[in-house]
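Here the structure is laid out as C-alpha cells; the discussion comes afterwards.
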Amino acid sequence: YSVDDDETSLSSLEIIMPRDLADGFVNNKRESYKFKFQRIFDQEAKQDVIFDSIAKPVAECVLAGYNGTVFAYGQTGSGKTFTITGGAERYSDRGIIPRTLSYIFDQLQKDSSKVYTTHVSYLEIYNECGYDLLDPRHEASRLEDLPKVTIMEDADQNIHLKNLSLQQATSEEEALNLLFMGDTNRMIAETPMNQASTRSHCIFTIHISSKEPGSATIRRSKLHLVDLAGSERVAKTGVGGHLLTEAKYINLSLHYLEQVIIALAEKNRSHIPYRNSMMTSVLRDSLGGNCMTTMIATLSIDKRNIDESIATCRFAQRVALIKNEAVLNEEIDPRLMIVQLKKEIQELKDELALVTGKQRTSELSQEELLQLDELIETFLEDNDPDSTLDVGADMRKIKYCFVHVKQLMKHSKTSDKKLFLQHSSEEKDTNKEAGEEELKKLKDLLQQRDNEISILYILVNMLKKEKKKTQDALFQLNAASAGSIVLEQSVSTHLEESQSPSSCLKEAEDVSSSVHRLPFLSRQTGGKMSLGCWEAFEVFKRDHADGITIEDSKQLLKQRFAEAKCLGDKLNEVRNKINHLKGEITQRRIQRAALAVSSPSEELNTLDPVEENLRMQIEEEKKSYKTMFNRLKGLKVEIEHLQLLMEKAMMKLQKDFEVWWSEEAISLKV
C-alpha cells in the first residue's frame, strides 16, 4: 500500500494486489484499489496528532452548543479501542476519550462568562442488550448482573434510554475516575469466552449545558465517543460456542448499521431502518440528524486481511456521502416566557378595550385627576427602564397625561437655571467642610500616636522592672564569692545605666525585633500598624486563651495534611495494581487463544481458575480504592473546617486586642 498525503486536497490510499500466477493466465482480478479520505494516518502516527486532527474540532463544536460524535469502525485487532480509549502502559498513549475530557474541562475553566454543568454516561451493547457501566449501586462480577438499558420513544420520535444513569462531573479528575470505574466494570463483566478482543459496542457520552448569568437561553449539547466491536468473518476464523454467538450479534448489528448508511446515502429514500438494532437507535441523531459526526476507519494491512480492509474503505466512503444538518441547541427558560406572554396578553386586552370603548363624559372628575397626578409622579420617579404608565383604555386620561408631562418638562427647564447658580455657592461650602474634616482626622491621628507612645512607655517600665529583678538575683548569688564593695560599685553602675531612657528603649526594640509579626491590621490606624502596637499585640497574644487554640489547630492541620498525602500515594498504588492485574488477565486470554488455535481441546472452553482469581483480586482492590477515596474526601472536608476554625479564632483574638487597646488609650487619656 501507499499513502499520498496532500495538504491542499484529499489524501489518497492505494492498495496493490499482484496477480497470482497459480490462477492461470486468464485472470481478471483488479490489481489496484484507490480510495480518497480527508486525512490518512500511517502506523507511526501519535495519539496527540490524531486527537488534534479528529476529536478537537468536534469538541470545540460541542462547547459552542452543537451535538458531536466520533466513532471508530474496523475489523478485529485493527486498533479501534486503542484509538478511542488508549493504552495503559504510557501516559502518551492516552486515547481520544481522556484527551477530550482534559480539553473540555480546561476550556470550561478558562471561560468564566457562562455557568456550565457537565454529566457523563457509559453504555455498553453486548449481544443486542444495553448495560449501564456507571451504576453506583452495583458491584459487578458478571455482565448479566449489570442493569439492562431499554429504549423508549416519545411522540416526537426522540429516543430516551431507561436505566442509563447520568453522573455529574465537576472536574477532570471526577470524569476520569468515572471512566476508570466504568472500564473496570466492563473488564470484570466480560465472559470467559472473550479471549483477547472487545466483543461489545461501547458509547461514552458527555452532556454539557451552559447558561449566561441573567439570560433566559440555555444551550445543551452532547458528545458521543463510540468504540464499535470488530467485524470478522466466521468462515475464516472458525470460532464456535459463545464466540460464534457473539460474532453473529456483532456482524448482525454492523450489517444493520451498513443498511442505515446505504439508506441515508440514497436520495428520495422515505424509510430509514433505525429500529433494526439498538446501536442504530441510540446513534440515530449521530448518523443522520442534528449532529457533527466524524468516523475513524481502522485498517489491518496484511495479506490475509486485505478483503476486510477494502470493505472497510468502501464503507467509510459511503459514510462520507451523508450530509447532516447540525443546529445550535438552544432553549428558552419557561419562566421568562410566561412573563412575556402575560405582558403581551395585557397589551392586547388594552388595545381591545380601546377599540370597543364606551362613550364617556368630556370632563374628568376631581378624584380621577388626583389619581392621574399620583401615577405620573410615581412613573417619573421610578428608575426602572421597563416601568410603564398604565392609565387604562381612556383617551381623556391619555391626553391629560401628555399635557401634564409637557408642563412638567417646561417647569424643569426654568428650574435648571436656578439650580446652576445655587450649585456654585454650594461647591464653596463643600470645599470648606472637606478641609475642616481633614484637619479633624489629622488631630485624631496625632492623639492616637500620643496614646501609643504612652503605652510603649508602660511596656519599657515593665521591662526595666523585670531586668532589675534579674540583677538582684545575680547580686545575691555573687555576694557569696566576691566582696560587697565591688558588687555595690557594679550594681550602682548597672542601675545608672538602666535608668537612662535611651538604653531601656533600645532593649525594648531588641525584644520586639525578635517577635514574629502577624498579618494584623488595625482599624483605627487605617491599615498601618506602629511599632508599639505590634509589641503590645504580641504580649496580649501570649496571655490570651485563643493563642493556645490556634497553635493546637496548626499541629492538627499538619497531621491531616500528612495523612491526606499518604492516602493519595496509596490510591496511586492501588490504581497501578488494578491496571497490572488487568494486563495479566489480557495476557492470560491471549495465551489461551493461542492454545485454542494450535491445540484445541474442551478444557479451553471451561472457566480459567487463574483468571477468576485475578478477577477477585481486582474486585478487592476496587473496594479498597473506593474506601480510601471516600476517606480522602472526608479529610478534605476536615482540613477546610480546621482552617475555618483557625481563621475565626484569629479574628476573635484581633477584635479582643482592639477592644483592650482602645480601653488602654482612653484610660491614659483620662
Task: Length added when fully stretched, residue 454-residue 306, from 0.36 nm per residue minus Cα-Cα - done: 43.5 nm
- [ ] If a/c stays under 1.5 just call it rounded; otherwise compare a/b with b/c (prolate if a/b is bigger, oblate if not). Do that for the range 218-325, with a ≥ b ≥ c from the square roots of the Cα gyration tensor eigenvalues.
- [x] prolate
Open item on the list: What is the distance in Å between the Cα centroid of the range 254-328 and that of the range 535-606?
Closed with: 43
Open item on the list: Let's test this: bin the Cα-Cα distances of the range 30-73 at 10 Å from zero up to the farthest pair and state each bin's percent.
Closed with: 20, 43, 25, 9, 2
Open item on the list: Assuming 0.36 nm per residue, please report the length gained on full extension of the stretch residue 92 to residue 355 beyond their Cα-Cα distance.
Closed with: 87.2 nm
TODO: Provide the per residue accessible area, probe 1.4 Å, for the range 41-332, rounded to a whole number of square angstrom.
DONE: 47
TODO: Please work out the ratio of the alpha-carbon Rg of the range 41-332 to 2.2 N^0.38 Å and round it to two decimals.
DONE: 0.99
TODO: Give me the distance in nm between label points sitting 7 Å out from Cα along the Cα-to-Cβ direction at residue 180 and residue 44, one decimal.
DONE: 3.4
Open item on the list: What's the magnitude of the charge dipole for the range 41-332 around its Cα centre, counting Lys and Arg as +1 and Asp and Glu as -1 at the beta-carbon? Answer in Debye, nearest 20.
Closed with: 660
Open item on the list: Just to confirm the filter: which GluC sites (Glu not before Pro) across the range 298-356 are DSSP coil and have at most 13 other Cβ within 10 angstrom of their Cβ?
Closed with: 325
TODO: Using all C-alpha to C-alpha distances in the range 582-667, build P(r) with 10 Å bins and read off the rounded percent in each one.
DONE: 13, 19, 15, 12, 10, 9, 8, 7, 4, 2, 0
- [ ] Read phi for every residue in the range 547-562 and hand back ³J(HN,Hα) as whole Hz from Karplus 6.51 cos²θ - 1.76 cosθ + 1.60, θ = phi - 60°, with x for Gly and Pro.
- [x] x, 5, 4, 5, 5, 5, 5, 4, 5, 5, 5, 4, 4, 5, 5, 5
TODO: Give me the percent of the accessible area of the range 41-332 that comes from carbon and sulfur atoms, probe 1.4 Å, all protein chains in place.
DONE: 48
Open item on the list: Report the Cα-based extents of the range 69-109 along its three principal axes, largest first, to the nearest Å.
Closed with: 39, 26, 8
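The values are calculated or read from the model by the stated rules, or taken from the named source; none is laboratory data. If you're wondering where the values come from, they're calculated on a predicted model, not measured in any experiment. Quick reminder, even Gly has a Cβ in these numbers, built from the backbone with ideal geometry, and neighbours come from all protein chains shown. These area figures cover heavy atoms from the full protein model, side chains too; ligands, DNA and RNA do not enter into them. Shrake-Rupley method; radii C 1.70, N 1.55, O 1.52, S 1.80 Å.
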